[in-house]
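Asker: Below is one structure. I have some questions about it.
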Amino acid sequence: MKNVLVVKSSILGNYSASTTLINEWIESQKNSYNITERDTSNPAIPVLDANVMGALGANEDLTTEQAAIRELSDNLITEIQQADTLLIAAPMYNFTVPTQLKNWIDLIARAGVTFKYTEQGPVGLIEGKKAVVLTTRGGMHKDQPSDIITGYLRTVLGFVGITDVEFVYAEGLAMGEDIANAQLNQARTALSLV
Ligand SMILES: Cc1cc2nc3c(=O)[nH]c(=O)nc-3n(C[C@H](O)[C@H](O)[C@H](O)COP(=O)(O)O)c2cc1C
């Protein structure tokens with residue numbers, strides 16, 4: 001059975017469109033895959049600052065707090081390594097991804113662990129994974145300059161070696177019930193094919 005890592009990042013709890021769609025997908029697929037869930041809000045992943053950056057480097061002289069951050073980062077990376085496919089929720093908040101998803105990205109982008117630099121440039125060290133990104137939005141942004149999320153996630157996932165990335169869009173969720181329902185159904189169908 002293949003392993004799927006689900007990464008949730010909405011802050012909207014039971015009102016979240018991405019969490020609802022992903023929970024439906026989990027319910028329908030739980031007998032077909034080994035599914036691991038990572039909610040980037042709970043437990044909270046620390047914001048990248050000087051202290052966190054110190055925990056993620058090669059330094060072995062860590063404070064107790066930094067050792068816990070290093071362990072969390074190691075666990076997040078292990079979850080990816082153990083997965084065949086990642087299903088990542090990426091709601092649009094103020095034109096970008098939730099802070100919680102950015103925090104997850106900041107803890108999995110580890111020099112010497114998930115990427116390295118060579119004379120030819122950066123090389124991603126995570127191999128053989130597929131990612132499916134479910135991105136929910138109140139407005140319509142796909143293929144517009146306002147869609148920063150698609151390029152950003154394709155770039156940063158590629159940077160750590162995850163280059164097989166598919167996007168599923170549920171857009172216009174604040175543009176009336178008809179559009180929202182049509183978009184949610186389209187996303188449901190796309191997810192069912194994953
Ligand atoms: C704080 C906040 C900021 C938002 N910013 C945007 C935005 O910049 N563009 C947009 O189209 N929708 C925006 N929305 C609408 C969300 O993208 C929409 O509610 C979507 O369903 C969020 O996914 P979720 O329900 O899984 O959290 C925003 C919603 C919230 C709560």
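Asker: Roughly how far apart, in whole Å, are the Cα centres of segment 124-159 and segment 44-110?
Answerer: Their Cα centres are 17 Å away from one another.
Asker: At 0.36 nm per residue, minus the direct Cα-Cα distance, what do Glu60 and Asn31 gain on full extension? Give it in nm, one decimal, please. Don't skip to the answer; put the middle values down first.
Answerer: Working: separation 29, 0.36 × 29 = 10.44 nm, distance 4.18 nm.
Contour length minus the Cα-Cα distance gives 6.3 nm.
Asker: Is any residue of segment 6-46 close enough, with backbone N under 16 Å, to a label point placed 7 angstrom from the Cα of Val113 along the Cα-Cβ axis, and if so, which?
Answerer: 45-46
Asker: Using only C-alpha atoms and all pairs of different ones, pull out the Kirkwood radius for segment 1-84 in Å with one decimal.
Answerer: Details: mean 1/r = 0.0683 Å⁻¹.
Final number for the Kirkwood radius of segment 1-84 is 14.6 Å.
Asker: How about segment 18-85: which GluC sites (Glu not before Pro) there are in a DSSP loop, with at most 14 other Cβ atoms within 10 Å of their Cβ? Show your work: numbers first, answer last.
Answerer: On the way: sites: Glu24, Glu27, Glu37, Glu60, Glu65, Glu71, Glu79; in loops: Glu60.
Answer in residue order: Glu60.
Asker: Another question, if that's okay. Between Asn75 and Ile179, what is the FRET efficiency for a Förster distance of 30 Å, r being their Cβ-Cβ separation, to the nearest 0.05? Spell out each step's value before the answer.
Answerer: Numbers: r = 39 Å, r/R0 = 1.31.
Between Asn75 and Ile179 the formula returns 0.15.
Asker: So, one more: What fraction of the DSSP beta bridges in segment 3-192 is antiparallel, stated in percent and rounded to the nearest 5? The partial results should precede the final answer.
Answerer: Numbers: 5 of 28 bridges.
Of the beta bridges lying entirely in segment 3-192, close to 20 percent run antiparallel.
Asker: Rounded to a whole number, what is D in µm²/s for segment 3-192 from Stokes-Einstein with the Kirkwood radius over alpha-carbon pairs (4 °C, 1.567 mPa s)? Can you show the working numbers first?
Answerer: Numbers: Rh = 17.3 Å.
Here the translational diffusion coefficient equals 75 µm²/s.
Asker: To continue, here is another question. Given charges of +1 on the Cβ of Lys and Arg and -1 on the Cβ of Asp and Glu, with all other atoms neutral, how large is the dipole of segment 3-192 about its Cα centre, in debye to the nearest 20?
Answerer: On the way: 13 positive and 22 negative charges, 46 e Å.
So the magnitude is around 220 debye.
Asker: Excluding residues fewer than 8 places away in the same chain, name every one of the lysines whose C-alpha is closer than 19 Å to that of Lys30.
Answerer: Counting by Cα, and skipping residues close in sequence, Lys30 has these lysines nearby: Lys2, Lys8, Lys130.
Asker: By count of other Cβ within 10 Å, fewest leading, how are Met92, Met1, Met140 ordered?
Answerer: Values: Met92 21, Met1 9, Met140 16.
Going from sparsest to densest Cβ surroundings: Met1, Met140, Met92.
Asker: Report the FRET efficiency, 1/(1 + (r/R0)^6), for Arg188 and Glu166, where r is their Cβ-Cβ distance and R0 is 22 Å, rounded to 0.05.
Answerer: Computed FRET efficiency for Arg188 and Glu166: 0.90.
Coordinate-derived values only; no laboratory data. All values reported here derive from a predicted model rather than from experimental measurement. No Cβ is skipped: glycine too gets one built from the backbone with ideal geometry, and neighbour counts run over all protein chains shown.
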